Amino acid sequence: MRRLLNLLRSKRGRMEQDLDRELRYHLDRRAEDLMKSGLSETEARRQAAVEFGGVAQVQEEVRDTWIWRWLDDRSRDIRYAFRTLLRSPGFTATAVLSLALGIGANAAIFSLLDQVLLRVLPVKEPERLVLLDWKGNPVSVNWGSGNLLSYPLCRDLQELDQFFDGVFCRHPTSAYLLTGQQPEPVSIEIVSGSYFRVLGVRPELGRLIDDSDDLRPEAHPVVVLSYNYWKNRLGGAPDVVGRKVLVNNRPMTVIGIAPAIFRGVDLGQGPALWIPAMMKRQATPEFNELFNRRAFWMHVFGRLKPGISAERVKAGLQPWFKSMLEADAQREGFPRVSEEQRRRYLASTIDVIPAARGRSDLRSRLEEPLFVLMTGTVLLLLLACVNVASLFLARAAARNLELTTRLALGASRGRITWQLLADSMLIALGGGLLGFLAAPAVSQVLLSFLSDDLSARIDQRVFVFTFLVTVAVGALCGLVPAFQVSRIALISSLKERARIAASGGVRLRKALVVGQVAFTLILLIGAGLFVRTLERLQTKGPGFASGSLLMFRADPVSNGYSDSNATQVMRELLAKLKDVPGVERVAVANSHLLTGGTSSSSMTIQSDKRIVTDRAVHYMRVSPGFFSTLGAQLVAGRDFEERDLRDRNSKETGSRSIIVSESFARRYFGGSSPIGHRLGFGNRPGTAANIEIVGVVRGFSRRNLRDEIEQAFVPFWDRDSGDGTFYVKVLGKPEAAFASIRAAVAQVDPVLPIVNMVTLDDQIDQSLTTERMLATLSSGFGAIALLLSVVGLYGVMSFVVTRRTQEIGIRMALGATRSTAMWLVVRDAVVMIGAGTATALPCVWALGRLVEAQLFGVRAVDGLTIAAASSLLALVALGAAMLPAWRAASVSPTEALRFE
Amino acid sequence: MSTPRFPIPQGTLDMLILQIVSLEPAHGYGIAQRLQQISREAVQVNQGSLYPALHRLEQKGWLKSAWRQSETGREAKFYSLTRAGGKQLAIEKESWNRLTTAVRLIFNEGK
C-alpha cells in the first residue's frame, strides 16, 4: 500500500516540478525580452508577471486539467472493469457471492451484538447511571435474580444527594391486564416514584409516575402504559388517559403513555405497563414485603452527580453503609443468626456498577453465544477474502498475457494497477451491497432463535461497518495482483508467454489455500462440537416421559379470587381435568418446568448429626401424583398422600413431608437411605429441621436439560396454592387435547385465563434455543466454509495442472504411469491440506476456552470431533484436487508436448 | 500596437495552438510570441491562459511534450503535434472554413 502511495505521490511531485519549471521559463524569457527593449530588471519582471496574469491561478487551472484527466481515467477503468467482469460471469459470481456471504453474516451478527451488548439506554446521559449491589451476606429473602436490594434501602439511598442526582428502583414481573374481553398476562415493571424523573424520560401522552405516586401503600392505583401496548392493543386511542383498566382484577387509572423509544431498563423485557411500588400488594399478590428491609426484590439504580466517578461514589458510600449495617443489626426483628453470619453481615460492602446499558438477564445469557457466533462470522469473512484474493490471483495469471501486451503497447504500470483496483473494488462493492441486502433476512433467522424484543433492522453504524470492511477487502484483494503486475519483467514475459511469470503467484496462492483449509477446519470443528452438544442434550432428555405431556398455568389468585377461594378453584380444576376424556393423569405444581427459573435455598439436614447443605437445593411444590404423571420414578419410599398436608387449622407452618432427588440422597447420605430423616429450609442455627423425608425420586431436568442439581419437593397444597401449573398426561398427541382442556377450565370459570399452554416436548425444544441456534448457524458456517475452500483449492490445482501439463506429458512419455502422474499433482494438495490442518489445531485448542461453557457432554478439544471434521475436510478437499489431477493424467503425451 | 486588440474567441485558442505547433515543435513562450507575431499583434492572448490549454491538449493526446534545449541554451518544455493532434487540426480547420464561408455568404447577401 505504501509503495503504491509513494508511487502516486512521486508522480504528482514530478508533475508539479515540471509545471513550475515551465512557467518560470516563460516569465524569465519575457523579462529578458522586455529588458532588451530598455526596461530595468525589476520593471521588466513586473511587466512580465502582469502580462502573464497570476501565476498561482494558472497553476490551479493546469492542475484542474490533471484532475479531470484522472477522473476520466477512473471512470474509464470502472467501465472497462465492468465489461471484463461481465465477460467472466463465473468468476464474478463466485467472488461476489463469497463476499456477500461473509459480509451479510457479519452485518447481521454485528447488529444483534450491537443491540444486545453495546447499546446504551435511550435516556438522558445514560453513562451517569449506576447499579447498586450488595457484596457479602445480606441475611435476606430474595425474589428475582441478581443485584437485588430492598425498597427501604432504595429510600435510604435517595437521601444521599451528595453522590446522586436521584436514585430509583424497579422490579420486573408479570401481571394480568384486562383492557378488552379477557385478562392476559403481560410484563410489568414495579417502580419507585423517582424512576422516570431520574432516567429523564418524558411522556408521550399524559404524565408519568412521579414522587407523588409513591407516598402511601395501596393509595395510588395508577399505571403508565408502554407505547407499543397502546398502539398495538388499544389502537393508539387518543382518549386513553383517564381510562380504567384492570390489573390483576383491581381497577387502575391510566395516567400516561411512555415514549416509543423507551422500553424499560431491561433489554428483552420491555414491560407493557409501569405501576408504582406502593401498589405492590395489587401487582404481586403472592408476596407483599414492601417495607421489609430484608426482602430483596428491587434493582436499585442511581444517577451519579456530574463529574463524580463510580469508583469515588463507591468509596464514599462505605462509611454510610457500615453505620447502616450496625444500626440494622441492633434493630428489633433482625433475624437470630450465628456469630459467623453476623460477622459476615457486618463485613458486607455496597458495590457501584456502571449501568449505562441497564441490566439484562438476556444479555448475560446471550453474551457468550453471540461472541462465539461473531468469531465464526469473522473467520467466515476472512475466508471469503482469502477466496476472493486467490480468485484474483488466478485471474491476474490468466490475464498476464493481456496485461504484458498492454504494457508493451505503452500503458503505464500505474494505469494497469488502477485497472486491477477498479476490478476488485467493483467486486467488493457488489458483494457488500448484496450482503447488506441479505443481512436483514439473516438477522430475522437469528431472531427466531432469540427474543422478539430485539429488532432485525440493520442500523446505520452497521452499514458503515460493513462498508468499511468491504472497501478494505477490495483494496486488499486488488493489491495482491497489482503488485504482481508491477513485478512483471516485460521482455521475458512476452517471450515466455503467460507460463512462467506468475510463479510467485502460485506460492502465494498455495499459502492462501493453506489459510482457507485452516479457517474451514476451525469452523467445522466448532460446528461438530455444537451439533454434538445439541445431540447429547436431546439424547439425555429431561428424565421423564415428555411425549404425552402438556402443561399450562392458571392463576385464580391474581384474577379476583381470595386466597382460600383461589385454592378451591385450583382443586376444582384438578378434579374437572381428571374427567376430561383422553386424560390419563393430572397433577399440579407451583411452577413450569424447563423455563430456566427455579427456587432454591440452602437446607439443614438432621440425621445422626446436623449438617448444612454446601450447595443450594432447588425445591418445588407438587401435588400427589405429580411424579407418576411425569413418569419420574420413585426409587425409595412413597409419593405424597393427603395425610402429608399440614393441618390448615393448626398453628403449623411449613410442611410435614418432603421428597428428595436421588442426587440429593447420594450427595448428603452417601450409600444409606435418607427415608425417615429430617430436613429444614435455611441454614441458621435456629432452623428447625422437622420435615420428614418420605421418598426418593430419580432426578429430572428442572431449569434446562443441562441441570445437574439436588432437588427437593414439598406438598403443593401446603401454602400459596391459589395459582400453579397443571401437568396433564394424555392418551395420544397432547396438542389434540388443548381444546377439551380449555373447555374444562371454562366450565369452572369462563374468564379465567389459561397461560402458556404447551406440550412438554415443545418446552424442551424451547429450552434448547441457544444450543440449536449455535448448532444450526455453526453448521451453516461450516458448510459455506467448506464450499469456499473447495472452490479455492480447485482453482489453484487447475492452475498448477495447466502449468505442469508439459512436464507431466514428458514424464508419461518416459514411462510414468497414470497413477504416479496423478500423485505428482495430488501430493501438492496433500501438503496444503496437511499444513492447513496443522495450523488449525493450535487455534482450536486456544479457541476452546471461548466455547467451553456452551458445550455439554463433549470437551472443547474433542478427539472424535476433530478427527471427523478433519476427515470430512480432507475427503472433500482431495476430491476437489483429484479432478484436475485426473484431467492432467488423461492427456496424451503427444498432446501435452504440443501444448506450447 | 495602434490598432485595438480584440480578445480571442472562446474555443479557437486550441485550434491556433495546434496550428502553430504543427509548423514546428515549440515551447509555451514561443507559442505566445508567434501567436502575436503571426496575427500582427491583432490577437490578444492572456499569456498565462495558454498553459492550461496546452496541458489540456496534451491530456487529450493531441500534443506531446519533451524537455529540450531552447534557442537561449536553457531547457524548455517543447510541445509537438501527435498524429491524433494532426487529424484534430484538420477537422477543426475544415469546420472553421465552413463556418467562415457561411458567415461571409450571409454578410455578403444583398450586396
From the option list A:GLY597, A:GLY625, single residue qualifying as touching a residue at least 40 places away in the same chain (Cβ under 8 Å) and under 25 Å from A:LEU731 (Cα atoms) is A:GLY625
Residues of the range A:49-62 being of a type outside the set (S, T, N, Q) and either surrounded by 13 or more Cβ atoms within 10 Å (Cβ to Cβ) or at the interface with another protein chain (Cβ under 7 Å from one of its Cβ atoms) (or both), in sequence order, are A:ALA49, A:GLU51, A:PHE52, A:GLY53, A:GLY54, A:VAL55, A:VAL58, A:GLU61, A:VAL62
Taking only pairs six or more apart or across chains, which ones have beta-carbon atoms under 8 Å, a first residue in the range A:717-730 that is farther than 8 Å from A:LEU550 by Cα, and a second residue that is surrounded by 23 or more Cβ atoms within 10 Å (Cβ to Cβ) and among the acidic types (Asp, Glu)? A:GLY722/A:ASP555; A:ASP723/A:ASP555
Within the range A:365-373, does at least one residue satisfy the condition of being surrounded by fewer than 22 Cβ atoms within 10 Å (Cβ to Cβ) and not in a helix (DSSP H, G or I)? no
Of (1) farther than 30 Å from A:ALA315 by Cα; (2) more than 29 Å from the chain's Cα centre (by Cα); (3) touching a residue at least 12 places away in the same chain (Cβ under 8 Å), A:ILE261 fails just (2)
Matching residues in the range A:684-731 (of a type outside the set (Val, Ile, Thr) and in a loop (DSSP other than H, G, I, E, B)) number 24
Residues located in the range A:156-208, provided they are out of contact with any Phe, Trp or Tyr (no Cβ under 9 Å at 6 or more places or on another chain), without any contact (Cβ under 8 Å) to a residue 60 or more places away in the chain and not in a loop (DSSP other than H, G, I, E, B): A:SER174, A:GLY206
Of the listed residues (A:ASP765, A:ASP718), the one being surrounded by fewer than 23 Cβ atoms within 10 Å (Cβ to Cβ), among the acidic types (Asp, Glu), over 30 Å from A:GLY180 (Cα atoms) and in contact with a strand residue (DSSP E or B) (Cβ under 8 Å, 6 or more places away or on another chain) is A:ASP718
Return yes when A:PHE640 is of a type in the set (Phe, Trp, Tyr) and within 15 Å of A:GLU692 (Cα to Cα) and no when it is not. yes
Suppose the filter is without any contact (Cβ under 8 Å) to a residue 12 or more places away in the chain, within 15 Å of A:ARG415 (Cα to Cα), more than 10 Å from chain B (Cβ to nearest Cβ) and not β-branched (Val, Ile, Thr); does A:ARG46 pass it? no
Within the range A:245-254, identify whether any single residue is within 36 Å of the chain's Cα centre (by Cα), farther than 19 Å from A:ASN142 by Cα and basic (Lys, Arg), and answer yes or no. no
Could you pull out the residue among A:ALA869, A:ALA896, A:ALA889 that is modelled with pLDDT of 80 or more and among the small types (Gly, Ala, Ser)? A:ALA869
Can A:ASP73 be described as within 14 Å of chain B (Cβ to nearest Cβ) and touching a residue at least 60 places away in the same chain (Cβ under 8 Å)? yes
What are the pairs with Cβ atoms under 9 angstrom where one residue, in the range A:644-668, is in a loop (DSSP other than H, G, I, E, B) and modelled with pLDDT under 85 and the other, located anywhere, is exposed (fewer than 14 other Cβ atoms within 10 Å of the Cβ) and of a type in the set (Asp, Glu)? Sequence gap at least six, or different chains. A:ARG646/A:GLU652
Would you confirm whether any residue within the range A:740-750 is over 17 Å from A:PRO624 (Cα atoms) and either in a loop (DSSP other than H, G, I, E, B) or among the acidic types (Asp, Glu) (or both)? yes
The listed residue being in a helix (DSSP H, G or I) and modelled with pLDDT of 85 or more, out of A:LEU23, A:LEU71, A:LEU39: A:LEU23
So is A:ILE659 buried (at least 16 other Cβ atoms within 10 Å of the Cβ) and within 14 Å of A:GLN606 (Cα to Cα) or not? no
Look through A:ARG79, A:ARG14, A:ARG29 and report the one residue that is buried (at least 16 other Cβ atoms within 10 Å of the Cβ) and free of Cβ contacts under 8 Å to residues at least 24 places away in the same chain. A:ARG29
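Rundown of residues vs (1) within 21 Å of A:ARG719 (Cα to Cα); (2) among the aromatic types (Phe, Trp, Tyr); (3) not in a helix (DSSP H, G or I), yes/no style:
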{"position": "A:LEU550", "(1), (2), (3)": "no, no, yes"}
{"position": "A:VAL557", "(1), (2), (3)": "yes, no, no"}
{"position": "A:LEU577", "(1), (2), (3)": "no, no, no"}
{"position": "A:VAL580", "(1), (2), (3)": "no, no, yes"}
{"position": "A:GLU584", "(1), (2), (3)": "no, no, yes"}
{"position": "A:VAL588", "(1), (2), (3)": "yes, no, yes"}
{"position": "A:MET620", "(1), (2), (3)": "yes, no, yes"}
{"position": "A:SER628", "(1), (2), (3)": "no, no, no"}
Under 8 Å between Cβ atoms, at least 6 apart or on separate chains: pull out the pairs that start in the range B:47-73 with a residue that is facing another protein chain (nearest Cβ under 10 Å) and buried (at least 17 other Cβ atoms within 10 Å of the Cβ) and end on any residue that is in a strand (DSSP E or B) and of a type in the set (A, V, I, L, M, F, W, C). B:LEU54/B:LEU63; B:LEU57/B:LEU63; B:SER65/B:PHE78; B:SER70/B:ALA76; B:SER70/B:PHE78
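Conditions tested, residue by residue: (1) at pLDDT below 90; (2) farther than 27 Å from A:TYR561 by Cβ.
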residue	(1), (2)
A:PRO734	no, yes
A:ARG742	no, no
A:ALA746	no, no
A:ASN756	yes, no
A:THR759	no, yes
A:SER767	yes, yes
For the structure I just gave you, tell me whether A:THR94 is away from chain B (no Cβ under 14 Å), part of a helix (DSSP H, G or I) and touching a residue at least 24 places away in the same chain (Cβ under 8 Å). yes
Among the candidates A:ALA739, A:ALA712, A:ALA746, which residue alone is touching a strand residue (DSSP E or B) at 6+ places or on another chain (Cβ under 8 Å) and among the aliphatic types (A, V, I, L, M)? A:ALA712
Within the range A:836-858, can one find any residue that is outside any helix (DSSP H, G or I), without any contact (Cβ under 8 Å) to a residue 12 or more places away in the chain and not hydrophobic (A, V, I, L, M, F, W, C)? no
Taking A:GLU289 and the conditions (1) within 28 Å of A:ASN590 (Cα to Cα); (2) modelled with pLDDT of 90 or more, which numbered condition does it fall short on, given that it satisfies the others? (2)
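The values are calculated or read from the model by the stated rules, or taken from the named source; none is laboratory data. Everything quoted here is computed from the prediction, not taken from an experiment. Note: ideal-geometry Cβ built from the backbone for every residue, glycine included; neighbour counts use all protein chains shown.
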